[in-house]
Amino acid sequence: MKKFVCFLALAVTTFCADAQFASLDKNEVKLMRESLKKDRKFSKIFRNFQVIADQSLSETPNPIAVILSQGLLAGDPRKTASLKALEDANKVYALAFAYKISGKTAYLNKATDFFTAWAKINKATDDPINQTKLEDMVTAYDLVREDVTAQSRTLTDDWLRGIADALVDSKYAKGSRGTAINNWNSHRIKMIALIAYTLHDNKYDSVISTELEKQLNVNLNPDGTTHDLMERDAFHYQTYDIEPLISTCIAIYRATGKNYFDWKTANGSTIKNCVDYMTPYMTGEKIHPEFVKSTVAFDKKRAENGEKGYAPGTLFEPVNGVHTFSLAAYFDKGYNTIIRRAMHDDNYLNWRMALNAFTVVKP
């Protein structure tokens, strides 16, 4: 696939009115359209979103007042209802991209229906694990925000700003709580950053940088492990911890030019090092039995509930690290080789890898 260069402005200190930092900017969308016409592999991947978008045109939004998933076992009716409602996030993501690629207002109008329905019904909470499930909704909104009507924009902006504000002041990030340093905080920071950059609201600037640097200093270890890997003894949580951190790094880089992916903490840790630590487990050189020494009781409950992957001793499957490495490949395309080795497919390409092809990180 041809490597495209998007023209990002480095060292931006204020938001540009028409810039997209959580999704794709205008130049990148244009390049995507061109690639869809020329590259069959990319076109094949996008076709999945096109199908979802077309199906969604005839569907009704299904917002839920409060997302309840964190701490609940699979099969709990509250969790089931929330996850069903959250299928809307995938639908609106597909609709937003279908609109940007085709220019057909039917997709934009339906996406707007989903945004406004959720904005009217869904209530902000300070639980980052529940709120992180709206990531695709935020990214989709970033893609089309300048195209929706002023009334819908105000309504949706207020809803997302309420979520960001709740997360900034979240009790889960305070004091000596474990959630103030583990994956919960990584997801909290990610959602604040994505919403802030989507709304072009610089009141969150100092919060994002301060909280991210603090989290990296307490969560990452010099040997490439994370707090969560040590606590849960599972790469399931190494990935769940650093994925939101990398997503935050991408948004910050796009908005300001600052590269936190390679940023060193006081003890010399980096996110990149934590990704690299996983490499031999992705390529099959090493294996890792998951959750054997986990100190978290909920992991045992999920195993007893028969939830896949949580039984102590279940081997880490490289496919479960592919998304982590795909995000990291935004900063280092060399990770694509590791991904393809893990997938046993020299031509493997996923959506995140395809999006990465439209950008070149500045040195």
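Probe radius 1.4 Å, ligands and nucleic acids ignored: give me the carbon and sulfur share of the accessible area of the stretch 17-159 as a rounded percent.
Working: 3270 of 6380 Å².
Ligands and nucleic acids excluded, carbon and sulfur give 51 percent.
For Lys37 and Thr210, the difference between the fully extended length at 0.36 nm per residue and the C-alpha to C-alpha distance is 58.0 nm. Ranking Ala19, Ala234, Asn267 by Cα position along the charge dipole of the chain, where only Lys, Arg, Asp and Glu carry charges on their C-beta atoms, puts Ala19 farthest toward the positive end. Protection proxy ranking of 306-313, 164-171, by the mean of other Cβ atoms within 10 Å over each peptide's residues and highest first, is 164-171, 306-313. This structure gives log10 I(q)/I(0) by the Debye sum over Cα atoms at q = 0.08, 0.09, 0.13 Å⁻¹, computed directly, and of [x] -0.53, -0.66, -1.16; [y] -0.39, -0.49, -1.00; [z] -0.38, -0.49, -1.12 that value is listed as [z]. Accessible surface calculations at 1.4 Å, restricted to protein heavy atoms, place the stretch 214-363 at 42 Å² per residue.
Each of Thr80, Pro312, Val207 was scored by the projection of its Cα onto the charge dipole of the chain, and the greatest displacement toward the positive side belongs to Thr80; charges sit on the C-beta of Lys, Arg, Asp and Glu. For Lys286, the lysines whose Cα falls under 24 Å of its own Cα, not counting residues fewer than eight places away in the same chain, are Lys272, Lys308, Lys333. Ranking Leu167, Ala117, Met191 by how far each Cα lies toward the positive end of the dipole of the chain (charges on Cβ) leaves Ala117 at the top.
Determine the calculated [θ] at 222 nm for the chain from helices alone, applying -39500 (n - 2.57) to every DSSP H run no shorter than 4 residues and normalising by the residue count; nearest 500 deg cm²/dmol.
Values: 18 runs with 207 residues, N = 363.
Helices in the chain give a 222 nm mean residue ellipticity of -17500 deg cm²/dmol.
Given a 1.4 Å probe and every protein chain left where it sits, what share in percent of the accessible area of the stretch 212-360 is carbon and sulfur?
Numbers: 3130 of 6060 Å².
Exposed carbon and sulfur together represent 52 percent of the surface.
Comparing Tyr93, Tyr348, Tyr107 in a Gaussian network model of the chain, where Cα atoms under 10 Å apart are tied by springs, the biggest mean-square fluctuation is seen for Tyr348.
The values are calculated or read from the model by the stated rules, or taken from the named source; none is laboratory data. These numbers come from a predicted model, not from an experiment. Counting neighbours? That spans all protein chains shown, and the Cβs are built from the backbone with ideal geometry, glycine included. When the accessible area is computed, the model is the full protein with side chains, heavy atoms only, and any ligands, DNA or RNA have been set aside. Shrake-Rupley method; radii C 1.70, N 1.55, O 1.52, S 1.80 Å.
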